[in-house]
Amino acid sequence: MRPTGWPPDGRYAYAVTTPTRRIAHLDLDAFYASVELLRYPQLKGLPVVIGGGRRKVDERLAQAGRQLRFIPVDAFARLKDYTGRGVITTATYAARQFGVGSAMGLMKAARLCPQAILLPVDFDEYRQYSRLFKSLITEIAPQMEDRGVDEVYIDFTDVPGGQREGGRVLARLIQKEIFDKTGLTCSIGVAPNKLLAKMASEFNKPNGISIIDEADLQGKIWPLSCRKINGIGPKAGEKLAKLHIHTIGDLAAQKRERLIDHFGKATGAWMHDSAWGHDDRPVVTESEPVSMSRETTFERDLHAVRDKAALGAVFTALCEKLADDLQRKGYAGKTIGIKLRYDNFKSVTRDQTIQTYTADAKTIRHAAGLCLKRVPLNQRLRLLGVRVAALVKADTLEQARPKTPVVRTGPGQEAIDRTAGAGQLF
């Protein structure tokens, strides 16, 4: 006898519940500065700025070896003594209270917080910690999207503990594991999608966890500035302000058609969807880079003619480092480009596509040199960069040699100079 309510054909009926989508955005707190405080714990709680190149005082500190933690605070370089064109990479929270922040010129920061301690950037050390914290995450939650040296997206949806307390239980576990193994703290936002998760990760910095659900949209997301939406930059923010659209709630109140009229079909529709918290982008566990680049900002502005030898050496070194990056990571590309920033802060880029893929320094140097023919070099430069795009895995290519002639630096550089015209290449 069948119990009442069973299907007439005798099959069992089960309710299938789809788990709620839980996406986390994890951001290490003041990453570079935090790594430096592990090396120099005596600086904890003090305003510290990371930026610029290594200086004589930093070399003396490095010679202290394993006794770094015992170096007196007075022995460190101070921001007030800095002269040059460097910019801040990051700063401790104690320094940020003075208005000092990333991408600010060190000379300007010195006026705001002259007593801040200045440390050089150590990318090798930061990359080592970056690899470590990401490996710890994937041991717990394998679906992780790498978004840079200090941030990732993680799919909590089907991970044990990923649904408990909206994802808070798993977030606490990851926070603890990272801190126990590295000494670093992180902030985590958990939400139904990447868009909201990234905003949520900023709510309780440092070392915080924030959980956002769709029901929180009106109360927690709409009061925020439109600029809090990842992808709305300064220019779009200014344009929105002229339209009297200041908050995400203001943006949500607009008709989609009005936004499309002002920003175009794709961008306008994206803005409207973002304001309503819609984002269906998946967590991408593997992605291939589309380009690699190397650039440097000069301590003083250099002129293409008067400082030709110095610029030529820097240009060659950038190409060699970029080629090394490509070879070490197993890529080759065929679109070579340059980036220049003049002393008036105006930037220009040029690129060209060669016939075959390459990761060869001399080939990159030659093609990048030809790009320089297409830009004016009659004023001083503050930044120089080289880029290789249209990348493919090198092991997928047949052995190929560039069909364009390879022009060597040194004595052969004169050949490039003649093809460019006087003063047009260095």
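The values are calculated or read from the model by the stated rules, or taken from the named source; none is laboratory data. None of the values given here were measured: they were computed from a predicted structure. Note that each Cβ is placed from the backbone with ideal geometry, even for glycine, and that neighbours are counted across all protein chains shown. Calculation scope for accessible area: heavy atoms of the full protein, side chains included, ligands and nucleic acids excluded. Shrake-Rupley method; radii C 1.70, N 1.55, O 1.52, S 1.80 Å.
Dipole check for the chain: with +1 at the C-beta of Lys and Arg, -1 at the C-beta of Asp and Glu, and the Cα centre as origin, the magnitude is about 1280 Debye. Each of (1) 190; (2) 145; (3) 229 is a candidate for volume of the Cα convex hull per residue in Å³; the one calculated from this structure is (3).
Under the convention that each Lys and Arg Cβ holds +1 and each Asp and Glu Cβ holds -1, the size of the dipole of segment 213-275 around its Cα centre is about 320 debye. The angle between the Cα long axis of helix 168-182 and the main principal axis of the chain comes to about 40°, on a 0 to 90 degree scale.
The Cα trace of segment 65-120 gives Rg and Dmax of 11.7, 33 Å, the first to one decimal, the second as a whole number.
For a straight C-alpha distance cut-off of 19 angstrom, the aspartates and glutamates reachable from LYS308 (same-chain residues fewer than eight places away being disregarded) are GLU295, GLU299, GLU320, ASP343, GLU414, ASP417. The listed residues GLU214, GLU151 rank as GLU214, GLU151 when sorted by accessible area, largest first, using a 1.4 Å probe. LEU112 sits with roughly 80 Å² accessible to a 1.4 Å probe, with DNA, RNA and ligands left out of the calculation.
Rounded to the nearest whole Å³, what is the per residue volume of the convex hull around the Cα atoms of segment 302-352? Before the final figure, lay out the partial values.
On the way: hull volume 4.3 nm³, N = 51.
Once divided by residue count, the hull of segment 302-352 is 85 Å³.
Which listed residue (GLY333, ASN344, VAL100) has the Cα farthest towards the positive end of the charge dipole for the chain, taking +1 on Lys and Arg C-beta and -1 on Asp and Glu C-beta about the Cα centre? Final value for the positive-end residue is ASN344. Here the peptides 254-261, 25-32 are ranked by packing, the mean other Cβ count within 10 Å, and the order with the highest first is 25-32, 254-261.
The spacing between segment 286-314 and segment 87-146, judged by their C-alpha centroids, is 23 Å. For GLY51, the residues 5 or more places off, or on other chains, whose built amide H falls under 5 Å of its own are THR89, LEU119, VAL121. Taking a straight line from the alpha carbon of LYS205, these lysines sit under 30 Å away, with near neighbours fewer than eight places off in the same chain left out: LYS44, LYS80, LYS108, LYS134, LYS176, LYS181, LYS194, LYS220, LYS228, LYS235, LYS239.
For helix 308-329, report the angle its Cα long axis makes with the longest principal axis of the Cα atoms of the chain; keep it between 0 and 90° and round to the nearest 10°. Approximately 40 degrees, to the nearest 10. Report the one residue of ALA191, ASN230, TYR129 whose Cα lies farthest in the direction of the positive end of the charge dipole of segment 124-236 (charges on C-beta: Lys and Arg +1, Asp and Glu -1; origin at the Cα centre). The listed residue farthest towards the positive side: ASN230. Computed over the alpha carbons of segment 121-224, Rg followed by Dmax gives 13.8, 43 Å. Ligands, DNA and RNA left out, the accessible area of the chain computed with a 1.4 Å probe is 51% carbon and sulfur. Compared with the dominant Cα axis of the chain, that is its longest principal axis, helix 361-372 is turned about 80°.
For segment 265-375, the Cβ-based charge dipole about the Cα centre amounts to some 620 debye (Lys, Arg positive; Asp, Glu negative; other atoms uncharged).
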